[in-house]
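Remarks on the structure that follows.
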């Protein structure tokens with residue numbers, strides 16, 4: 001199995017767990033409060049055994065357990081429940097929040113192999129930010145119908161998502177994707193048109209396959225954020241936010257069997273990249289530090305465009321276009 005794909009899946013699972021916790025926090029707090037009130041009332045009514053009330057340790061433990069159980073139950077029945085719109089006929093687009101993500105990723109390996117992939121996902125919410133899972137609503141991209149995935153635990157933002165993966169519709173660089181929604185009554189509405197970033201080419205960012213540990217390494221880039229004329233014009237007209245970040249990690253081999261893929265990954269530097277040309281110099285001392293001899297350098301470019309989706313949909317509607325580029329440079333003596 002590809003190490004990169006395993007790592008990507010681990011990251012996705014961790015992100016989903018984080019989002020679940022974030023969604024559940026308000027309801028957990030409410031559950032703790034209700035549980036505390038319930039415990040106090042039961043104590044006043046002397047519903048506990050006398051021994052428990054006289055023993056502050058037992059009573060304290062009981063209160064903590066009660067608070068935890070109340071919070072968990074409220075999370076399950078409230079935070080994790082679907083929107084009532086999931087079972088209704090929807091003819092008004094103003095009832096829905098639409099959230100779109102387009103993701104392209106490219107990974108280059110030291111052996112010369114390059115892995116490319118992409119996915120498009122859309123999920124719907126109501127005015128209370130609850131997930132809408134309605135099979136009578138269709139989403140389309142450039143006229144192609146998207147499949148609805150009901151596995152909430154593996155979908156975007158812990159919601160059932162409409163998805164198109166690379167083998168169904170690859171996300172191409174410097175291209176436009178128009179999204180439409182078909183409501184329960186059969187009426188079709190244009191949601192938005194999204195333009196993707198241009199591809200990362202050797203002219204825009206070039207890295208060597210290998211590099212000597214005894215020499216400093218200079219990374220150079222050109223127009224990573226601005227891209228093509230059509231992409232620039234689209235950004236200016238829509239007043240969107242765009243950011244590109246360069247991240248560098250040191251990879252060191254280890255004999256620690258508990259380490260992932262027998263290697264240790266250590267953060268070195270990050271830099272926000274603007275328009276035009278730029279460079280970053282990594283001194284040779286980095287490759288032979290106190291933490292060990294660096295076997296590879298991991299280079300990552302994360303480029304993101306964010307924007308709002310206008311009426312008639314809910315104000316919370318938004319989209320995000322991301323381009324993730326990563327490669328490794330082998331360090332040699």
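Bear in mind these aren't lab numbers, they're just calculated from the coordinates by the rules spelled out. Bear in mind the structure is a predicted one, so any value in this text is a computation, not a measurement. Quick reminder, even Gly has a Cβ in these numbers, built from the backbone with ideal geometry, and neighbours come from all protein chains shown.
When each of the peptides 89-100, 184-195 is scored by how many other beta carbons lie within 10 Å of its residues on average, the order from highest to lowest is 89-100, 184-195. For residue 129 and residue 304, the FRET efficiency from 1/(1 + (r/R0)^6), where r spans their Cβ atoms and R0 equals 22 Å, is about 0.55. With a cut-off of 17 Å on the backbone N, the residues of region 99-139 near the modelled label site 7 Å out from residue 318 along Cα-Cβ are 99-103, 121-131.
FRET efficiency for residue 136 and residue 166, Cβ-Cβ distance as r, R0 = 25 Å, nearest 0.05? E between residue 136 and residue 166, to the nearest 0.05, is 0.35. Can you compute the FRET efficiency between residue 114 and residue 175 using 1/(1 + (r/R0)^6), with r the Cβ-Cβ distance and R0 = 22 Å? Round to the nearest 0.05. For residue 114 and residue 175, the calculated efficiency is 0.70. Here the extension length gained between residue 92 and residue 212 equals 37.0 nm, from 0.36 nm per residue of separation less the Cα-Cα distance.
Between residue 270 and residue 240, full extension at 0.36 nm per residue minus the direct alpha carbon distance yields a gain of 8.5 nm.
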